[in-house]
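Some notes on the structure that comes next.
Read the figures in this text as sums done on the coordinates, not as results from a lab. Since this is a predicted model, take the numbers as computed values, not measurements. Every residue, glycine among them, receives a Cβ derived from its backbone with ideal geometry; neighbour counts consider all protein chains shown.
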Amino acid sequence: MTLTEQTMLPPGSTIGILGGGQLGRMLSLAASRLGFQCHIFDPKWAGPASKVSRFETNAEYSDIEAVLNFAKNCDVVTYEFENVPNLTAKTAGSVAPLYPGARALDVAQDRLTEKTFIQNEAKVPVARFEPVNSVHDLRRATKKLGLPAVLKTRRLGYDGKGQYIIKTEGDIEPAWDAMQNAPAILEQFIAFKREISVIAARGVTGETAAYPLIENVHKNHILHTSTCPAQGDDGRAQGLAIQIMSALNYIGVMATEFFELGDGSLIVNEIAPRVHNSGHWTQDAGCIDQFELHIRAITGWPLGSTQPKHKMEMTNLIGDDVKNWETLAAETHCFVHLYGKNDIKHGRKMGHINRIMR
Ligand code: AMP
């Protein structure tokens, strides 16, 4: 099902969210500001999103009857993580408008499909890549692309998980072993100058909006800080992100991660068909934040302003970092966001802070 271009879902409508983590929580909080109510679908009870939402369904994603019942009670359905099983999303989309659509999931769930789509259909540059299904393929691919190169599982990799940097021929066997026979992709190693991202949205009418350029710094493969506006924002990255969204006929907020090379050229690393960690600073920047922007896009509302009033820096609170909440809360121009997770775990995103930079 789809919303027509003329439809604007009124306040009081129910937004279904597949997935109940922190992104679902912040989507739900933004939706409630506009008078919507949210229904979270997640196998686990009382996760970060359910704690702030009106309704919750706890069932496995493979429980098609539960998915149908959930979607029947929603005016629109969205998702907060890209590994929602495709059948689950398609099932929900058969009884309620599903935004972004199932195609975006197909593309984003598989690095090979994603890179092929971005390069061939959206016509946006990506690192050179080769599919790899065996150690024999891997040897051939390393010859073609040269070393160093990065071997990644096609599916279910995030924050550097399921990745192996191959520096010498001696790394080929251990790298393939690390994939545990999962279909993989070999990518040319990009000696980038910096990592940047674009958070942009496309609405039901095709209207688009993008925030200024964001610069991202990772620590131990996990996003550490995002700063916006980043230096040297000439609008090129936003243009490429919108080119990808248009090729996908995308509705909602999408994140596009880029490598910027020494000569200033841009290569897309990956897309995320959802709100994104590098866009959390928008919450305190004095414009429509990325969560509200997504809700506006999927309910047919006008998108609103994506121009921040301040320079912002977001820092993730990973694991024990969250124990500093008292000190952070006392800091001027620092906004604390905590996700209400029950246990602190090493490497787990527990919250973030947004600082206004003066
Ligand atoms: P990903 O899971 O693809 O987002 O990769 C996680 C991180 O690994 C990126 O943010 C980069 O820092 C690094 N990385 C991924 N792919 C490459 C590549 N082809 N060349 C160099 N570094 C990479």
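Which aspartates and glutamates, if any, have their Cα less than 13 Å from the Cα of LYS143, not counting same-chain residues under 8 positions apart?
Once the sequence-local aspartates and glutamates are set aside, what remains near LYS143 is GLU130, GLU169, GLU187.
Percent relative contact order of the chain, based on C-alpha pairs within less than 8 angstrom and at least six residues apart?
Reported relative contact order: 15 percent.
Per DSSP helix of 4 or more residues, -39500 (n - 2.57); summed, then divided by the residues of the chain. What does that give at 222 nm, rounded to the nearest 500?
The helix-only estimate for the chain comes to -7000 deg cm²/dmol at 222 nm.
Once the Cα gyration tensor of region 1-82 is found, what semi-axes does its equivalent ellipsoid get, as square roots of 5 times the eigenvalues, in whole Å, sorted largest first?
Semi-axis lengths for region 1-82 are 20, 16, 10 Å.
Which order do the peptides 292-298, 20-26 take when ranked by the mean count of other beta-carbon atoms within 10 Å per residue, highest first?
292-298, 20-26
When a/c reaches 1.5 or more, the comparison of a/b and b/c decides; with that in mind, is region 128-188 rounded, prolate or oblate per its Cα gyration tensor?
Rounded, because the longest to shortest axis ratio a/c is under 1.5.
About its Cα centre, how strong a charge dipole does the chain have in debye, to the nearest 20, once Lys and Arg get +1 and Asp and Glu get -1 at the Cβ?
Approximately 120 debye in magnitude.
Could you quote the convex hull projected area for region 127-266, Cα atoms only and averaged over all directions, in nm²?
9.3
Using only the Cα atoms of the chain, each taken as one equal point scatterer with no solvent, compute I(q) by the Debye sum, divide by I(0), and report log10 of the ratio at q = 0.08 Å⁻¹.
-0.39
Give the lysines reachable from LYS219 as a straight Cα distance under 24 Å; neighbours fewer than 8 places away on the same chain don't count.
Partners within reach: LYS152, LYS161, LYS167, LYS193, LYS311, LYS323, LYS341, LYS345, LYS349.
Taking +1 at the Cβ of each Lys and Arg and -1 at the Cβ of each Asp and Glu, which of PHE70, PRO131, THR306 sits farthest along the dipole of the chain towards its positive end, judged by Cα position relative to the Cα centre?
Most positive-ward Cα: THR306.
Quick check on region 249-358: what are the equivalent-ellipsoid semi-axes from the Cα gyration tensor, as sqrt(5λ), descending, whole Å?
26, 19, 17
Kindly identify region 210-250 as rounded, prolate or oblate by the Cα gyration tensor criterion: order the square roots of the eigenvalues as a ≥ b ≥ c, call it rounded if a/c is under 1.5, otherwise compare a/b with b/c, prolate if a/b is larger, else oblate.
Oblate is the answer for region 210-250, as a/c is 1.5 or above yet b/c matches or exceeds a/b.
Between VAL217 and SER13, what is 0.36 nm times their sequence separation minus the Cα-Cα distance? Round to one decimal in nm.
Gain on stretching VAL217 to SER13: 69.6 nm.
Between region 219-261 and region 161-216, what is the C-alpha centre distance in whole Å?
Measuring centre to centre over Cα atoms gives 12 Å.
Using just the C-alpha positions of region 36-123 as equal point scatterers, what log10 of I(q)/I(0) does the Debye formula give at each q in 0.18, 0.19, 0.24 1/Å?
Listed by q, the Debye log ratios stand at -0.78, -0.85, -1.18.
Considering Cα pairs under 8 angstrom that are at least six residues apart, work out the relative contact order of region 128-188 and quote it in whole percent.
Relative CO of region 128-188 lands at 50 percent.
Can you figure out the FRET efficiency of GLU169 with GLU60, using R₀ = 45 Å and their beta-carbon distance, to the nearest 0.05?
0.55
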